[in-house]
Amino acid sequence: MRLRLSRLLDLLERAYGSSDWWPGNSPFEIALGAILTQRTSWRNVEYAIAELEAQGLLEPEAMASADMRVLEAAIRPSGFYHQKAAYISAFANYLTTRHGGDMKQMRETETTELRRELLELHGVGPETADSILLYALGRPSFVVDAYTIRLLRRLGFREDLDYESVKRRFEVALKGDVEKFKRMHALIVIHCKERCSARPNCLGCPLSGNCPSEREYEE
DNA sequence: ACCCAGGCGTTCT
DNA sequence: AGAACGCATGGG
């Protein structure tokens, strides 16, 4: 019997507690964090955001009109800074021209439409789009990442492990509950970093007994 | 001296 | 439709 995803949430909460996990003082800042953290540790993102703040660039219009070299210099610690400067600039321009430079105004648009628009932005893929929708806008759009897929694989799931299928699976299991979406994704990241990273540490794992073969992780 | 980190886009087979 | 690769910095 494979572990049910609603039960997975209970087990993880019991083991790690539930905390508000995505930091940020504004929806715009959270959205920028979603882009800057791509393949990058959160610590380095904090350096970048602090510098953006110091430069007064945490406002959509200010960022949209900022010089690209200034942007690059500010976010350098977060890595891939040529690309990411273009990405956050594109997002700030999109927000300014399409939604009046206001994340609140962005909420007037339907979730599925917003997701389409976000995915059209250069540098915003599925995970980043869903992170913005869920954590910056509070929309019921589950965030899947490499950890999520790896965890499901280790829990014995073998089919439909592509991004959209996994996303749907969690959204159905958690019944569209935004707060559960937030906690589940956060806990999966926390759990996998601690226990279930590239090489799993199964000793004392709160999910022990739910992996079909805890000794044979070839992938 | 490696390996990893809360991806994405491009360019191949 | 997948796999491989570049992008760049900071920390263990």
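None of the figures in this text is laboratory data; all of them are computed from the coordinates on show. Please read these numbers as outputs of a predicted model, since none were measured by experiment. Here the Cβ is made from the backbone with ideal geometry for all residues, glycine too, and neighbour counts use every protein chain on show.
When only Cα pairs below 8 angstrom with a gap of at least 6 residues are kept, chain A shows a relative contact order of 24 percent. Going by alpha carbons, how many degrees (0 to 90, nearest 10) lie between the helix axis of A:111-120 and the longest principal axis of chain A? Approximately 70 degrees, to the nearest ten.
Per residue, how big is the convex hull around the C-alpha atoms of segment A:22-73? Give it to me in cubic angstrom, could you? All intermediate terms of the calculation are to be shown ahead of the outcome.
Numbers: hull volume 4.0 nm³, N = 52.
Taking the convex hull of the Cα positions in segment A:22-73, it is 77 Å³ per residue.
Given the -39500 (n - 2.57) contribution per DSSP H run of 4+ residues, what per-residue ellipticity at 222 nm results for chain A, rounded to the nearest 500 deg cm²/dmol? The helix-only estimate for chain A comes to -17000 deg cm²/dmol at 222 nm.
Between A:Glu117 and A:Ala86, what length in nm is gained on full extension when 0.36 nm per residue of separation is reduced by their alpha carbon distance? Working shown, then result.
Values: separation 31, 0.36 × 31 = 11.16 nm, distance 1.69 nm.
Difference between extended and current length: 9.5 nm.
Going by Cβ distance under 4.7 Å, what cysteines of chain A have no possible disulfide partner? Result for chain A is A:Cys202, A:Cys205, A:Cys211, no neighbouring Cys Cβ within the cutoff. Using only the alpha-carbon atoms of chain A as identical scatterers, what base-10 log of I(q)/I(0) does the Debye formula give at q = 0.14 Å⁻¹? Relative scattering, expressed as log10 I(q)/I(0), comes to -0.88. Among A:Ile30, A:Ile190, A:Ile88, the largest mean-square fluctuation in a Gaussian network model of chain A (Cα springs under 10 Å) belongs to A:Ile190.
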